[in-house]
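Every number here is computed from the coordinates shown, using simple stated rules; none is lab data. Being a predicted model, the structure only gives us computed values, none of them experimental. In this analysis, Cβ positions are derived from the backbone assuming ideal geometry, glycine residues included, and neighbour counts consider all displayed protein chains.
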């Protein structure tokens, strides 16, 4: 391989990075978790082993929390090419970032009692394209017949001057 081919191949390899469990971003998977009904086995079947676990005890009530996360970052590899990178900076779409998390809490019997979800996405624009930031979060808790839900959603567009 010549030097140009090696350079381009290395740029393409370094232009993307991912970490964690992408299932946390899939609403069809996340929506299968039911407050007051789903069990640890159900959650493990959907997401696998958690990234983090914790156990707390308050007033003789034990709660176990399983947390899952995911992040992906892509950078336009043309940014790193001399001269061409300047056009990419001017025209836009420098890269994208998306991340998400799901935290599920279980009672002492291993039944889901609450779930929190978070998702964000950033599309980095250039001088001619705005940067877009989107976030969504929600929390559900309670029982299957009497759930309490908190939800918020924020969408914003900002322009790079």
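For the pair residue 29 and residue 74, what calculated FRET efficiency results from E = 1/(1 + (r/R0)^6), where r is the Cβ-Cβ distance and R0 = 30 Å, to the nearest 0.05? Mind showing how you got there, number by number?
On the way: r = 22 Å, r/R0 = 0.74.
Given R0 = 30 Å and the Cβ-Cβ separation, E is 0.85.
Could you estimate the translational diffusion coefficient of the range 14-58 from the Stokes-Einstein equation, with Rh from the Kirkwood formula over C-alpha pairs, at 10 °C and 1.306 mPa s, in whole µm²/s? Kindly include the intermediate steps, with their values, before the conclusion.
Values: Rh = 12.6 Å.
In µm²/s, the coefficient rounds to 126.
Viscosity 1.002 mPa s, temperature 20 °C: give me the Stokes-Einstein translational D for the range 32-142 in µm²/s, with Rh taken as the Kirkwood radius over C-alpha pairs.
For these conditions, the coefficient is 130 µm²/s.
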